[in-house]
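The values are calculated or read from the model by the stated rules, or taken from the named source; none is laboratory data. Keep in mind that this is a model prediction, so the values were computed, not measured. Note that each Cβ is placed from the backbone with ideal geometry, even for glycine, and that neighbours are counted across all protein chains shown. Keep in mind that these areas ignore ligands, DNA and RNA; they rest on the heavy atoms of the full protein, side chains included. Shrake-Rupley method; radii C 1.70, N 1.55, O 1.52, S 1.80 Å.
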Amino acid sequence: MNRLLTSICLLAAYGAAAAQTFPSKPIRVVIPFVAGGSSDIVGRAIGSKFQELLGQPAVVENKPGANGAIAAEFVAKSDPDGYTVLVGSIGVFSINAALFKDLRYHPVRDFAPVTLAVTTPNVLITKPGLAANSMKEVVDFAKKNPGKLSYCSSGTGSSDHLTAELLNQVAGISMVHVPYKGGAACQTDIMGGQVDISFQNLGAVTNYIRGNRMKALAVTAKARHPQLPNVPTTAEGGYPNLVVTSWQAAAAPAKTPREIVAKLNDAAVKALRSPEVRERMGQIGFDVVASTPEEFGRFMKEEVDRWTEVVKRGGIKPE
């Protein structure tokens, strides 16, 4: 017991001492996808304020591959000193753990949460000529015509795929999944009438909806979204369990001293809440959250548990 107490005291002393000098060199912000995507935009927005807020710049490094798992494993195995931070998506921090049995990291075990940065709901969209004009009518059609209603996604295990699968489960219907390699191709085929419906990120389809190139029937949020105020929520449509957000977050390697995590959180939160970053996030359909580490930790675990159950019930396998 005395040895344990001594070890705890030494670790606490190390954390406090390290935090006093942190940061003394640039901080590497690792993005698990290519430049230009949502994680990249959010990561660069957070990092853009590090020089001002922490006195050291952020060096952004894109490490795409394996649904974000390459970058996640790299950060998870990095020194827990605060100088390597991962900014990634719902897939990296929750869905991968639900989908891949051979994953070489686990988001809850291997990361020290920093902040839940931003969220965005999905939107139930349909091809322009679909007869259904409400979520209820979509479900009714699917019940009367099993296996005839198709939905596309940006890929197996993506947020849009699992949202539609969750609708299958809670509504007792059987829609046909048409996976694509990316959301843009899915959206194009919705507008062209090749696929019936999809759940796409709000920011990706708002302009198409406003241009009447696709119909929006529901937003997967607790409240209506200001960008689409006339579109009801899935809860209003009778499915309160179909509240789903796609999100981006930041984390450091597990065992990073709490004092250093607190400094990273403070900088990330101030960056996200700055007027210019908040405006930029709003332009692409993201709502700024900027949570505490503890709040993000609880949220991440809930998301892992939720999507693990959806994947298990649906018998979903990675491609």
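Given (1) over 25 Å from A142 (Cα atoms); (2) assigned to a loop (DSSP other than H, G, I, E, B); (3) without any contact (Cβ under 8 Å) to a residue 60 or more places away in the chain, identify the lone condition not met by H225. Only one criterion is unmet by H225, namely (3). Before we move on, is D196 in contact with a Lys or Arg (Cβ under 8 Å, 6 or more places away or on another chain), touching a residue at least 40 places away in the same chain (Cβ under 8 Å) and crowded, with 16+ Cβ neighbours inside 10 Å? Yes; evaluated as a whole, the condition is true for this residue.
If you filter the range 55-87 down to residues that are over 24 Å from A97 (Cα atoms) and β-branched (V, I, T), you find that the one that is most open to solvent (accessible area, probe 1.4 Å) is V59.
Tally up the residues in the range 41-65 that are in a helix (DSSP H, G or I) and either over 17 Å from the mean Cα position of the chain (by Cα) or free of Cβ contacts under 8 Å to residues at least 40 places away in the same chain (or both), please. Give the steps one after another, and end with the answer.
From the range 41-65, those in a helix (DSSP H, G or I) are 41-47, 50-54; that's our starting set.
Still in the running and either over 17 Å from the mean Cα position of the chain (by Cα) or free of Cβ contacts under 8 Å to residues at least 40 places away in the same chain (or both): 44, 47, 50-54.
Residues that pass the stated criteria total 7.
Looking at the structure I just gave you, is G147 farther than 23 Å from T233 by Cβ, out of contact with any Lys or Arg (no Cβ under 7 Å at 6 or more places or on another chain), small (G, A, S) and buried (at least 24 other Cβ atoms within 10 Å of the Cβ)? The answer is no for G147.
Annotation: R28 fulfils all but one of (1) surrounded by 18 or more Cβ atoms within 10 Å (Cβ to Cβ); (2) without any contact (Cβ under 8 Å) to a residue 60 or more places away in the chain; (3) on the phi < 0 side of the Ramachandran plot; the unmet one is (1). Selection over the range 99-122 of residues that are open to solvent by 10 Å² or more (accessible area, probe 1.4 Å) and in contact with an Asp or Glu (Cβ under 9 Å, 6 or more places away or on another chain) gives a count of 6.
Conditions tested, residue by residue: (1) surrounded by fewer than 21 Cβ atoms within 10 Å (Cβ to Cβ); (2) at pLDDT 95 or above; (3) under 30 Å from A97 (Cβ atoms).
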site	(1), (2), (3)
D140	yes, yes, no
G157	no, no, yes
C186	no, yes, yes
L217	no, yes, no
K222	yes, no, yes
Q227	yes, no, no
